[in-house]
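Where a number appears in this text, it was derived from the coordinates with a stated rule and is not lab data. What you see is a predicted model; the values in this text were computed from it and never measured.
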Amino acid sequence: KQQFRLIMLGIVAIAMVIAGLLFLGEVLNVTDLVVKSYARLYNNEIVGEIDTYINREIGLVQKLSNTSVIQDFLNEPQSQASQEAVLKSVNEFNQVFYNNNTFMVPSASQDFYYLDGQVEEVVAKGRLEADNAQDAWYFDLLASDDAYRLKIDKDRFWGSMGLWINMKVYDQGQLIGVVGTQLSM
């Protein structure tokens with residue numbers, strides 16, 4: 001009789017351990033499903049926010065590229081009148097760009113103008129060179145059929161890492177340069 005009780009107690013104990021393990025397995029499965037669902041939801045939310053963030057800037061750069069002020073400047077960057085007009089326009093756009101900066105590159109000179117924040121004059125920061133690997137983005141864009149390109153890069157003039165939105169600018173169907181903005185990474 002004592003032996004029977006011990007056997008029964010052992011069977012009950014084993015059954016309880018098995019039931020506990022099965023229960024723990026189900027808890028872990030449910031936890032895993034909940035975590036994956038939240039991760040997917042959070043991931044979709046982040047991707048949506050980044051997409052909205054970048055698309056907003058692309059739209060602003062596109063609007064900037066279509067202004068006659070930018071076109072006039074890219075056609076005649078040395079003209080005092082075009083510099084004054086572009087300065088006013090760029091300062092207005094810099095107020096709405098997330099990182100408050102604009103760059104412009106006239107095709108004729110390949111001078112790189114980077115206007116960060118509210119600036120008082122338009123001064124070239126350097127010249128893009130076809131044989132410089134860091135400037136390949138510009139020449140690749142000019143050679144492509146793309147209206148714009150995004151590039152994550154470290155700028156050779158400023159040394160900062162960012163997502164660059166590079167948009168072609170046309171005047172009466174002729175490619176006259178590139179404008180864009182940099183989003184900090």
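Comparing mean-square fluctuations of Leu28, Leu128, Leu175 from a GNM of the chain with C-alpha springs under 10 Å, the top value falls on Leu28. Just checking the listed ones, Met161, Met16, Met104: in the Gaussian network model of the chain with Cα springs under 10 Å, the one fluctuating most is Met16. For the chain, the mean residue ellipticity at 222 nm estimated from helices alone is -18500 deg cm²/dmol, where every DSSP H run of n ≥ 4 contributes -39500 (n - 2.57) and the total is divided by all residues, rounded to the nearest 500. Taking a straight line from the alpha carbon of Lys36, these aspartates and glutamates sit under 17 Å away, with near neighbours fewer than eight places off in the same chain left out: Glu26, Glu45. Taking every alpha-carbon pair under 8 Å whose residues sit at least 6 apart, region 1-131 reaches a relative contact order of 13 percent. Read through the labelled values (1) 1.86; (2) 1.01; (3) 1.07 and report the label of the one computed as Cα Rg over 2.2 N^0.38 Å from the structure. The value matching this structure is (1). For region 90-185, rounded, prolate or oblate, judged on the Cα gyration tensor with a ≥ b ≥ c (square roots of eigenvalues), a/c < 1.5 rounded, else prolate if a/b > b/c? Here region 90-185 falls in the rounded category.
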